[in-house]
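The values are calculated or read from the model by the stated rules, or taken from the named source; none is laboratory data. All of these numbers come straight from a predicted model, not from anything done at the bench. Glycine also receives a Cβ, built like all others from the backbone with ideal geometry; neighbour counts cover every protein chain displayed.
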Amino acid sequence: MRTLNIAQIGHGFMGKAHSNAYRQVNRFFDLPVQVHLHTLCGRSEGVEESARQLGWTHAERDWRKVIENPEIDVIDVSTPGHLHAPMAIAAAEAGKAVWCEKPLGNTLAEAESMVEAVTRTGAAHGLFHNYRAVPAIQLLRRMIDDGRIGQIYHFRAVYLQDWILSPSFPRVWRLQKSQTGTGAHGDLNAHLIDLAHFLVGGLTEVSGLMRTFITERPLPDDPSKTGEVDVDDAALALLRFESGAIGSIEASRFAAGRKNYNCIEVNGSKGSAVFNLERMNELQFFDRTAADDAQGFTVINVTDQPHPYGGTYWPSGHIIGYEHTFINLVAGFIQAMERGEPLNPNFNDGLRTQRVLEAVERSHESRAWVATV
Ligand code: SOE
């Protein structure tokens, strides 16, 4: 069996989730290639220890050496957002496949340059919007496609966390525009916008509202000093869809008690569905076509054979977790590459999301509706 040599740049939270997916994917999916965790790349001195712990054969500190290594087939970009564009463009121009963490870039211009590079070079490109690979989200998409939700009137989504509520939490890279572009908006609304596109379709206009609640924080390496927080702590938007549906998204890192609360509701003419990441293996469904005296929200346990990914891991009722969404996504990337088909999702999806992210920012600044196309 042919080996697919992966090099991953970055070994933080996403780097750990991706490494696990590369180690596991051949154990649960019948693939035409054997994934090899070839090289882990990181600028910090901890990269050698991370490579050992996460199961990588080599460790490297210079990302350009990794991209130039002829043994490498795929470059995984799992770094802070300001490095996505230079690394992905260099990888595409070196003839590598490029799989990048979300959001695609820190700005619309960066995202456009990344799409231009993969289009010009023909590099296979994937984007780690892992929530598309949740079985319950795939089931919701199937139900929408089958007409079981009917005409969609509303898409309503929140992505709420609370990890920076304390003023003493330091100004980490996710709170610096130069590193991350935007705050909760690009980190969390990016997921919601991608799912809006995946489930309901394209958007035409947005009206945005963004807020930074704590504007000064201690510096990570010298808490006696403070630095400006120049990104949003929360960002909301009203949405108009091409289909005529309307909706809303809300991302916040100041929602006390919400740890990773990604909750989506779709309301249609034939019913409604609710997905809550904290109950990832379930999809709530209200069926208006059921008998009048038997209507109510049902809870579907999306672990059965007829369900998306049914039987991939365990028998019915044996639930899966957050880490499996990355395994599912990586399996799909490999299968698409082997068939010579576009990866799902890919940089074009990322650019579409980046246009909406930026439109929300411009709407917030102008206090006016802004077109997304
Ligand atoms: C931090 O907000 C984060 O790790 C996001 O960056 C991820 O995309 C999300 O899946 C979990 O939370």
So GLU49 clears everything in (1) over 22 Å from GLY332 (Cβ atoms); (2) within 16 Å of the ligand (Cβ to nearest atom); (3) modelled with pLDDT of 95 or more except one condition, right? Which one? (2)
For the stretch 309-324, pairs from a residue that is closer than 18 Å to GLU278 by Cβ to a residue that is among the hydroxyl-bearing types (Ser, Thr, Tyr) and away from the ligand (no atom under 16 Å from the Cβ), with Cβ under 7 Å and 6 or more apart or across chains, are ILE319/THR303; ILE320/TYR313; HIS324/TYR313
Name the residues in the stretch 281-315 that are closer than 14 Å to ASN328 by Cβ and touching a Ser or Thr at 6+ places or on another chain (Cβ under 6 Å), would you? ASN281, THR303
Taking the stretch 68-92 and keeping residues in a helix (DSSP H, G or I), touching a residue at least 40 places away in the same chain (Cβ under 8 Å) and either over 26 Å from GLY183 (Cα atoms) or not assigned by TED's automatic domain parsing to the domain that holds GLY15 (or both) leaves none
Quick one: which residue in HIS154, HIS185 is buried (at least 16 other Cβ atoms within 10 Å of the Cβ), in contact (Cβ under 8 Å) with a residue 24 or more places away in the chain, out of contact with any Lys or Arg (no Cβ under 8 Å at 6 or more places or on another chain) and closer than 17 Å to ALA235 by Cα? HIS185
What about ASP304, is it within 16 Å of the ligand (Cβ to nearest atom) and more than 14 Å from ALA157 (Cα to Cα)? no
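Select, from LEU283, LEU277, the only residue that is surrounded by fewer than 20 Cβ atoms within 10 Å (Cβ to Cβ) and under 20 Å from PHE155 (Cα atoms).
On the way: LEU283 fails: surrounded by fewer than 20 Cβ atoms within 10 Å (Cβ to Cβ).
Selected residue: LEU277, the only one of LEU283, LEU277 that is surrounded by fewer than 20 Cβ atoms within 10 Å (Cβ to Cβ) and under 20 Å from PHE155 (Cα atoms).
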Restricting attention to the stretch 43-67, and to residues there that are β-branched (Val, Ile, Thr) and assigned to a helix (DSSP H, G or I), which single residue is nearest to TRP173 (Cα to Cα)? VAL47
In the stretch 22-38, is there at least one residue being more than 23 Å from the chain's Cα centre (by Cα) and buried (at least 22 other Cβ atoms within 10 Å of the Cβ)? yes
